[in-house]
Structure formats: structure tokens, C-alpha cells
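Structure in C-alpha cells, see below.
The values are calculated or read from the model by the stated rules, or taken from the named source; none is laboratory data. Predicted model only: the values in this text are computed from it and were never measured. Cβ atoms come from the backbone with ideal geometry, glycine included; neighbour counts cover every protein chain shown. Side chains are part of the model used for accessible areas, which takes the heavy atoms of the whole protein and leaves out ligands, DNA and RNA. Shrake-Rupley method; radii C 1.70, N 1.55, O 1.52, S 1.80 Å.
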Amino acid sequence: MKLFKSLFATVAALMIATSAHAAGTATVQAYAHPTMFGTQVQSTQAEGVYLVGDKVLKSDSDLSVQGKENVVIDSMAKNLMSKLEKLIGKFDPKKPVLRSEMAHAMAEGLNLPTVKTRYQYKDVNANWAKPYIYRALGAGVMIGYPDKNFRPEQKITKAEVFATFAQLLSNEPQAKTVGKLVNKYEMQEIPAWATKATIKVMESGILNNLPELDKVASQKYLSTEQLYKLVCALSVSKYYNAKFLNGSNLGAVKVKMSERVDARHSNIGDTFYAVTTEDAKVAGTCYAVGSKVKGEVVEVVRPGVKNPGYVKVKFTSINGVDFPANVSDVDATNVKTTNVVARVLGAPFSATGRVAGVAGRSVSAAANVVSNGTERLGDNLSNTMANTASLEPMAGLRSFGKGFVTIGYGVYDIAKLAVSGVFGVVYEFGDEVRYLILPSSVNDSALNPGDELTVFYNK
């Protein structure tokens, strides 16, 4: 029986991220012209089907995307919080995080194993988070109170969070005082006992791209959203010390991309290859440097206005043998930029295809609007005749009026499509020119040949 087939890599617009920890193949490819307005266009979501004319204009996250790793973190956090929502129902991610939620985030986000623990707390058995609390306790990343209570529904201060995270970081703190977060926000609400741990966490950089950094610095508590993103940032940090965890059993495969995978051109189901850069041992078998690692694109969101897009990939096999376990996380290092010769050779084909695609989708969308409008207009006129012949002249008049409204909406929608289609053509062409001149501007939504990745997985 094949075990899990996913080394969930993530990368492309990153991607090293959203969730490398929860593998689940996505079934949506989104492509916006990008259109400027909503229209009567199809907006189906299914594997291999584009969202045509949908307003995919900006990221739905307030995370500032500064690199591949950050997109991955965002993706991972969304997956983790969706798991939390299935357990507890709708929740406000902006409210202070609870101890039970932190246990869930740590257990799932760090793939903590289930191990025996000597701790038993009387207020845990009836709590939804019981299995996650004991996983966190067993791994030694959380602890209860001397009164034999864990207090799962109690808010946990950011100082307590930092003290917990400091145990899992390998960097040595350099500063003597807490100072400012990203050299901008004065870190407050930190008692003396948590000073060293806070400095260690701040200097590791895992706080730098959390949402609402001003509140991270000034408030006593982190929000649920901030905590979940912090856990994910930790899991992909170069300072993450997984060996601290009780029962941790991680393996790693270092690979170098052999071909380009990017959010602008890749499609769900596309396969690609990388090669190992060091000897690796997977499931008891040794693989030499240069072993071929196969991957597959599982999700694509096309770039649009103010949206870098992203691509998620998974690594499925090494030298034709399926990977045996779930990926823990992925770290991208030594990121490359596509050389100028490759860009010049590829640009004419890519630009022609993308511009033609936008124009074609705009025309087909307009045809769809006309088809729907013609159908509705025919129905309106039919109702006009039927109502009038039934001696209901007012109803017939209303139906006749609806026909004019239908024509008006159709003209309006076609005008919007014309404007957005022209904008889309200009945007796509400009995007190709930008890639040709400044390729680093789209590196966060791509894996380029030569990019080096370290894929961590549970043995």
C-alpha cells in the first residue's frame, strides 16, 4: 500500500508555503485578465478550469509578500486555521489567541508526534483540543499549571509565546535589550523574565512578516491569526531546532530545480524534475547526488494587479520510488534568476500566447453575455405575448419592459468586458516586458532552474 505521496513543497510565488503541513491537492486554477469589473461571465471552480473574468486583483491576505518563504507561511497558516474552524466553528482570527488554540497550532503546524506524557490535567479531558494539548505536552513545547490545570480557554500572553518559541530556535541572541521590531515598533508588554527569549525570537526574523506589526509590538496578546502565522514562520525558519522536540524524527532531501515552474505559465497537473545535491537516505534506501526527484503542480493562482500569484507543488518520488511520508516543511535557499538569453528567447512566445488568451477569453465572454441576453430577451417577449393574449395587458407591458432592461444590461456588460479586456491585454504585455527587463520582480512566484530547496519530511 502506498503511503502518503506528498512532499508538499510549496513554492512559487512562492511557495515554499501555505501549507506544507497539510497536503491536500487544490483543484482551482484562477486567472484574471485581470478584469477590472465583474461581469456575467462563467466563474466555475474545478480542476483545470480557469476563472474567466473573475476579479482576482489582489491577495486576500494582509501579509506583505516579500519573498517565497512568506507566501508559503501565508498558505500554511490558512490551512491550519481552516482545520481549526472545522473543529470549533467560525471564530474571530483577530481576537487574542487561547492556550488551546496554540496547542492546536503547534501540534499541527510542527507535526508533533503523539507520545506518552506523564502530565495529566483535569480540565483537558472534555476540551476539543485534548489530543493537540497532549501532543504539545509530550513534545515539551507547552506545560500546564501546578494546580493540575492546563487552562485551555485562557488567553496566552505574547511573552509566554516568545518563551515557548525561543526553545525551538537555535540562534544566539546578540542584543542586550528588547528594542524595536523591524527597527520600527518598540516592543512592549515584555516582563524581565521574558527579555532574553523575546530578543532571540525577534532576532530570528520570524516575527517580521506577521500582520499588524504595530499591534504585535504594543499589545499584551497575539491574535489567533498572528500566532498561527508565527508557528508556520518558525517551521520554515533556518533557525528552527526540530531536534528539541521529543520524538522528532525528521529526514531531509536537498534538491536543485532542473526546470522552471511559475505562476504565470504553469498548470495544475504539470510535472517537473529536480536533482539531489547531496546523498540522501529515504525509507532505508540511499540515493546518490544527482538522483532525480519528480514533482507535480497542485495549485496555481495567476498573477494580477497587486497580486504576485503563486504556485504550490509537491514532490512525489525519488528515482521513481514514492516518498514514504508527509512533508514537514520546505526551505528555499540560493534562489536563482532566469538568465537574459532564456528570457529573450521565451518572451515572444509567452507574450503572444498570453495576449491572445486574454483577447480570446474577452471575446468568448462577450459571446456568453450575448447568448444569455438573447435567451432572456426571447423569454421576455414570449411572456409579453402570452400575458397580453391572456387579457393581462399590464403584465405583458412589464414583460416587455424587462426586455429593454435585459438589452441594457447586455450592452453595459459588453462595454465593461471591452474595457477590461483592453486593460488585460496591456497588462499582460507590460508584465512580459517587466519580466524581460526585471526578472527578479517575479521570482517570488516562480521556481527557477538552479533554485535549491531543502525538503524536510517525517520518516
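Can you confirm whether L447 is free of Cβ contacts under 8 Å to residues at least 40 places away in the same chain and either among the hydrophobic types (A, V, I, L, M, F, W, C) or open to solvent by 80 Å² or more (accessible area, probe 1.4 Å) (or both)? Don't jump to the end; show me each part of the working.
Working: free of Cβ contacts under 8 Å to residues at least 40 places away in the same chain: no; either among the hydrophobic types (A, V, I, L, M, F, W, C) or open to solvent by 80 Å² or more (accessible area, probe 1.4 Å) (or both): yes.
No.
Would you say A389 is modelled with pLDDT of 85 or more and surrounded by fewer than 13 Cβ atoms within 10 Å (Cβ to Cβ)?
Working: modelled with pLDDT of 85 or more: yes; surrounded by fewer than 13 Cβ atoms within 10 Å (Cβ to Cβ): yes.
The answer is yes for A389.
Given (1) modelled with pLDDT of 50 or more; (2) in contact with a helix residue (DSSP H, G or I) (Cβ under 8 Å, 6 or more places away or on another chain); (3) surrounded by 21 or more Cβ atoms within 10 Å (Cβ to Cβ), identify the lone condition not met by P96.
(3)
Output the residues belonging to region 79-105 that are among the small types (G, A, S) and under 22 Å from G144 (Cα atoms).
Listed by number, the residues that qualify are S100, A103, A105.
Applying the selection to region 111-127, what residues are at pLDDT below 90 and either within 19 Å of S223 (Cα to Cα) or among the charged types (D, E, K, R) (or both)?
K116, R118, K122
Looking at region 128-143, which of the residues that are surrounded by 17 or more Cβ atoms within 10 Å (Cβ to Cβ) and more than 13 Å from T164 (Cβ to Cβ) is modelled with the lowest pLDDT?
That would be G138.
What are the residues in region 397-428 that are among the hydroxyl-bearing types (S, T, Y), open to solvent by less than 40 Å² (accessible area, probe 1.4 Å) and under 32 Å from the mean Cα position of the chain (by Cα), if any?
Result: S420, single match.
Now for a separate question. Are any residues in region 208-246 modelled with pLDDT under 85 and either surrounded by fewer than 17 Cβ atoms within 10 Å (Cβ to Cβ) or acidic (D, E) (or both), and if so, which ones?
Matches in region 208-246: K238, N241, K243, F244, N246.
A follow-up question, please. Give the residue that is surrounded by the fewest Cβ atoms within 10 Å (Cβ to Cβ), with candidates limited to residues of region 144-164 that are more than 19 Å from V231 (Cβ to Cβ) and basic (K, R).
Going through the qualifying residues, I end up with K148.
Now for a separate question. Cβ-Cβ under 8 Å, sequence separation 6+ or interchain: first residue in region 119-142 and without any contact (Cβ under 8 Å) to a residue 24 or more places away in the chain, partner acidic (D, E). Which pairs?
none
Right, here's the next one. Taking the conditions exactly as written (assigned to a strand (DSSP E or B) and modelled with pLDDT under 80), does V275 satisfy them or not?
Answer is no for this residue.
Select, from V442, V370, the only residue that is at pLDDT 75 or above and either closer than 28 Å to S75 by Cβ or open to solvent by 70 Å² or more (accessible area, probe 1.4 Å) (or both). Even if it seems obvious, please write down each step before you answer.
Details: V442 fails: at pLDDT 75 or above.
Residue meeting the stated conditions: V370.
Suppose we filter region 259-286 for residues that are open to solvent by less than 40 Å² (accessible area, probe 1.4 Å) and among the acidic types (D, E); how many remain?
Qualifying residue count, region 259-286: 1.
Here are some conditions: (1) surrounded by 15 or more Cβ atoms within 10 Å (Cβ to Cβ); (2) on the phi < 0 side of the Ramachandran plot. K116 meets all but one. Which one does it not meet?
(1)
Checking A197 against (1) among the aliphatic types (A, V, I, L, M); (2) closer than 20 Å to D74 by Cα; (3) modelled with pLDDT of 90 or more, which test does it fail?
The number of the failed condition is (2).
It is to be established whether one or more residues within region 296-304 are closer than 26 Å to K78 by Cα, open to solvent by 10 Å² or more (accessible area, probe 1.4 Å), outside any loop (DSSP other than H, G, I, E, B) and modelled with pLDDT under 75.
Yes: one or more hits.
Do any residues in region 165-193 that are modelled with pLDDT of 90 or more and buried (at least 17 other Cβ atoms within 10 Å of the Cβ) have Cβ atoms under 6 Å from those of residues that are charged (D, E, K, R) and assigned to a loop (DSSP other than H, G, I, E, B), where the two are at least six apart or on different chains, and which pairs are they?
none
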